[in-house]
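Report on the following structure.
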Amino acid sequence: MPPPPTMAPSLPQLLSLAVSRHQAGQTGVAESLYQQCLARDPSNVSALNLLGVLKIQAGQPAQALDLLQKAIELQPNYAEAFNNLGLAQKNLHSHPEAEAAYRTAIRIKPNYPEALNNLATVLRERGDLAGAISACGQAIALRPAFAQAYNTRGTAYHASNQLNLAISDLDKAIELAPNLATAHFNRGVLMSDLFRHEEALRSYDLSLSLYAENAMAWNNRGFSLDCLQRHSEAIQSFDQAIRFNPRFIQAFLNKGNSLHELKNSNAALSAFEHAIQIEPTYADAWMAKGQVLTELKQFGLAKTAFEMVCRYDPSHKYATGAVVGTMLRMCQWEGIEQKIASIHQDVEDGNLAILPFEYLALTDASEKQLRCSQSHAADQAIPGENFPADVRTNGSKIKLAYLSADFHDHATAHLMVEVFEKHDRSQFEVSAWSYGPATGDPMQRRLKEAFDQFYEVNHLSDSAVANLLYQANIDIAIDLKGHTHGSRTPILAARPARVQAQYLGYPGTLGLDYIDFILADDYVIPKDHDANYSERVIRLPNSYQPNCQTRDVSSITPNRQRMGLPDQAFVFCCFNNNYKITPHVFAIWMRLLNAIENSVLWLLKDSAAVEQNLRREAERAGIAVNRIIFADRVALPDHLARHRLADLFLDTFPVNAHTTASDALWMGLPLLTCSGDGFASRVAGSLLKTAGIPDLITTNLSDYESRAHELAQNRKELDQLREKFISNRNSCALFDSASSARSLECAFIEMLKIGPINKSPSTMEKSLNTA
């Protein structure tokens, strides 16, 4: 007997089967069943709507749009289809159309919490944060346990900077729906913005445990790890982001930045190149590439990278300054004046055209430098809450904390080491907080002995270091880096110490509200310049720059022939970094060579490009290229010894010699400087004044040139100056580190008496002299 014929499912049964397969994640089967439904009844609006939802979920919003519009044509009051139409429009980035669709769904069905929540998401993305918050509130009123609405409202509160409400809503969303991955993700974003990166990390991990393929969560997780100084782990996280989104340019950029932090320059450049290959106009990647190339002293390639930034994003912060900075480092000056003029205008307008440190080389005007630093400071993201100031106890000793990346064989360490050693331990407890490399070199070993405590905090986040400073009950934190490379001034942003000062590392104002004092002297910051410093000026009685009373100088002086110098020539020299050499100063030097027979110019060599460019400039000035001689970098004892071969050190302007000036004076080499308006242009003058040789200070470039010409024709005066330097060296205040330590200690005591500075100029006097 034949089997009975199989009964075909009814249309409602077929649609129910499609929905069950859809809900089970069997999207291929579900789509086939929906299509069968529509083959039987092309006007089945439920099948059209549900197939549209499936297409949205499959990342095919354009196909969904056609299906949903057909459903609405057939049933104009179909609220669910309008809601899903809004989702399709949103995924197509048609936000006005999406908003209109959601509003229509709500008009048809006022008590529709899903549509209200979806409307809130598109309003948030369109910048109508108040509207988004209101829509979520209506959704929650209709459904008090609607976790997704709390999640959406939390992100809107975050965007409107109502952070406590944002935390409350996101926590509520997670309480109601612990498996809502987006709520954990959004909480991670919020915690990261609050600098609470440990909490952000936990939130990202929870989000990824629920949805492991979220490339953005992996990327953000890596960013938090990077902020916690956990760079190797960050790289692994960025690799996961790239795994799930191979064209994720931001993840490549962030990976490169982490590799850069680990000093793996080649791998960092490779990561940046990957980002650029994917998106050739990605200005951030070009900028990062240029920064690494600059550190590698590949200045020509760096300049090209920075020029690409300017091409693809003309308003990109610091890009124009980066171009000019590489030009100065190469002494490549063609077309530079126009770029400098543009930067000056940007600084005047408050634009972020140049970093404060690089701006020092473009102007000696302290007022302009203040404006540049303040704009830079305003751009820096810092924690919003300070440590409580009234719960710490006073100790029997004043606790000093020096912060720097340079506690190793570095100019700052060579200047300061004897001061650290000679601090009065009956009054002061002195600690170092090193976020630089653990080199283990002889200077670093000496410094570890010089401090009462030496904390290596390179592996810790800014907030973690700040917490340790606060727990250590620090009275005075002294930042020794300022706006120089490798600085981490945000460690002090939450005010972990009673008072906070900057000293020595940066020759200018930081523009930071959380730095109370700058240590200077009455020459580098004249009293009528105080208004151009965001800090209160504390003036030391002699030069602000400390120097050691003993120096390791090679006992062997190389002969001139070995150094490439003519035996009988008059040797002008300048051992400053090449970026300090400006076209105007170099033109003066060339006129001096032209005027002084049998003279040469001896410079420090930073790169082959500098040699090539300066020799070309010399030729243009009619000077034979063999009269420009370059000295290789050598160990400090050998470098000091070779000063004996020079006749006159010619300083640069607007950035003077700093440590190089005290090196020259220690060796008895006469140094001629030109002082300007700003701190950086007055350092050598401060040293000469303290050394008792003020007549080698000029105040304009015309007098500088005349005085150099006069000195070059008067070897007797130069010999007398050399003898005076050397004979007075041991009794000179410039090289009296014990006196420098006492002066600093008097300044520190005064700082504590004054306390943290109210930045309102009407509430305080701006300057103080210490005896």
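The values are calculated or read from the model by the stated rules, or taken from the named source; none is laboratory data. Just so we're clear, the structure is a prediction, and the values are computed from it rather than from any experiment. Glycine gets a Cβ as well: all are built from the backbone with ideal geometry, and neighbour counts include every protein chain shown. Ligands, DNA and RNA are stripped out before the accessible areas are found, and what is left, the full protein with its side chains, is counted by its heavy atoms. Shrake-Rupley method; radii C 1.70, N 1.55, O 1.52, S 1.80 Å.
Exactly one of (1) without any contact (Cβ under 8 Å) to a residue 40 or more places away in the chain; (2) over 22 Å from Leu645 (Cβ atoms); (3) not aliphatic (A, V, I, L, M) is unmet by Asn714. Its number?
Tallying (1) without any contact (Cβ under 8 Å) to a residue 40 or more places away in the chain; (2) over 22 Å from Leu645 (Cβ atoms); (3) not aliphatic (A, V, I, L, M), Asn714 fails exactly one: (2).
Need the failing condition index for Ala680 against (1) in contact (Cβ under 8 Å) with a residue 12 or more places away in the chain; (2) open to solvent by 60 Å² or more (accessible area, probe 1.4 Å); (3) closer than 23 Å to His529 by Cα, just the number.
Here Ala680 meets the rest and fails (2).
Within region 727-751, can you find the residues that are over 39 Å from the mean Cα position of the chain (by Cα) and surrounded by 14 or more Cβ atoms within 10 Å (Cβ to Cβ)?
Scanning region 727-751 gives Asn728, Arg729, Cys732.
Conditions: (1) assigned to a helix (DSSP H, G or I); (2) of a type in the set (Val, Ile, Thr); (3) over 24 Å from Ser662 (Cα atoms). Val419 meets all but one. Number of the miss?
Status for Val419: all satisfied but (3).
Is it fair to say Phe653 is closer than 25 Å to Gln338 by Cα and either buried (at least 19 other Cβ atoms within 10 Å of the Cβ) or out of contact with any helix residue (DSSP H, G or I) (no Cβ under 7 Å at 6 or more places or on another chain) (or both)?
The answer is yes for Phe653.
Within region 78-93, identify whether any single residue is closer than 24 Å to Ala132 by Cα, assigned to a loop (DSSP other than H, G, I, E, B) and under 49 Å from the mean Cα position of the chain (by Cα), and answer yes or no.
Yes.
Show the residue pairs meeting these rules: Cβ distance below 7 Å; 6+ apart or different chains; first residue within region 47-64 and under 18 Å from Leu15 (Cβ atoms); second residue among the polar types (S, T, N, Q).
Asn49/Asn84; Gly52/Asn84; Val53/Asn84; Leu54/Thr27; Lys55/Gln63
Show the residue pairs that are 6+ apart or on different chains and have beta-carbon atoms under 6 Å apart, the first residue being within region 139-165 and hydrophobic (A, V, I, L, M, F, W, C), the second being outside any helix (DSSP H, G or I).
Ala139/Phe146; Ile140/Phe146; Leu142/Asn111; Ala147/Ala177; Ala147/Leu180
Yes or no, residue by residue, for (1) surrounded by fewer than 21 Cβ atoms within 10 Å (Cβ to Cβ); (2) of a type outside the set (A, V, I, L, M, F, W, C); (3) touching a helix residue (DSSP H, G or I) at 6+ places or on another chain (Cβ under 9 Å):
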| site | (1), (2), (3) |
| --- | --- |
| Ala624 | yes, no, yes |
| Ala635 | yes, no, no |
| Leu640 | yes, no, yes |
| Leu669 | no, no, yes |
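Under the condition of being of a type outside the set (A, V, I, L, M, F, W, C) and outside any helix (DSSP H, G or I), which residue from region 146-169 is nearest to the chain's Cα centre (by Cα)?
So, considering only residues that are of a type outside the set (A, V, I, L, M, F, W, C) and outside any helix (DSSP H, G or I), the one nearest to the chain's Cα centre (by Cα) is Asn161.
Go through region 256-367 and tell me which helices (runs of 4 or more DSSP H), entirely inside it, have 2 or more residues that are among the β-branched types (Val, Ile, Thr) and open to solvent by less than 50 Å² (accessible area, probe 1.4 Å).
265-278, 283-295, 319-330, 336-349
Conditions (1) open to solvent by less than 20 Å² (accessible area, probe 1.4 Å); (2) of a type in the set (Phe, Trp, Tyr), marked per residue:
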position	(1), (2)
Arg40	no, no
Leu51	yes, no
Leu54	yes, no
Gln63	no, no
Leu67	no, no
Glu73	no, no
Tyr78	no, yes
Asn83	yes, no
Ser94	no, no
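Going residue by residue through region 183-206, is there one that turns out to be over 30 Å from His260 (Cβ atoms), without any contact (Cβ under 8 Å) to a residue 40 or more places away in the chain and either in a helix (DSSP H, G or I) or open to solvent by 60 Å² or more (accessible area, probe 1.4 Å) (or both)?
Checked region 183-206: at least one residue is over 30 Å from His260 (Cβ atoms), without any contact (Cβ under 8 Å) to a residue 40 or more places away in the chain and either in a helix (DSSP H, G or I) or open to solvent by 60 Å² or more (accessible area, probe 1.4 Å) (or both).
Out of Asn547, Asn542, Asn473, I need the residue that is outside any strand (DSSP E or B) and more than 26 Å from Ser675 (Cβ to Cβ). Which one?
Exactly one residue qualifies, and that residue is Asn473.
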